[in-house]
Every structure is written in C-alpha cells, then in structure tokens.
Amino acid sequence: FPRRPGSGTAGERQRREDLPLSIDLTFHLLRTLLELARTQSQRERAEQNRIILNAVGK
C-alpha cells in the first residue's frame, strides 16, 4: 500500500528513489523508440521536400 509522504526514514526514501522500477524501463524504451520514429519521419519528410523543391527549381 502507498505510504504517506514523510513516512519512513530518509535512508529508506533515498534507496527507493534510486531503484528503477521495471515500468520505468518500459516507459524509457517507449520514449526512445518514439523519438527514433519521429527522427526517421522528419528525415523522410526532409528528403521528400528536397525532391519537390528540386523539381520546381528552388
């Protein structure tokens, strides 16, 4: 059960904050994959824009 803020010793609180949870890793991986997908999408769009601008002579 969740504890109220301020309960427990300072050392116990510090130790819990330092330990990553498995869900933290999951969300970290999700954020990383989303960032990679966004970067790839931007690269593809930039390439498409370059092709279009070359075609119209700009």
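The values are calculated or read from the model by the stated rules, or taken from the named source; none is laboratory data. Keep in mind the model is a prediction, meaning the values are calculated, not measured. Reconstructed Cβ throughout: ideal geometry from the backbone, glycine too, with neighbour counts over all protein chains shown.
What to note about this one:
- Scoring Arg45 on the criteria (1) surrounded by 10 or more Cβ atoms within 10 Å (Cβ to Cβ); (2) at pLDDT below 95; (3) not β-branched (Val, Ile, Thr) leaves a single failure, condition (2).
- Meets criteria (surrounded by 10 or more Cβ atoms within 10 Å (Cβ to Cβ), at pLDDT 95 or above and either part of a loop (DSSP other than H, G, I, E, B) or acidic (Asp, Glu) (or both)) for Glu12: no
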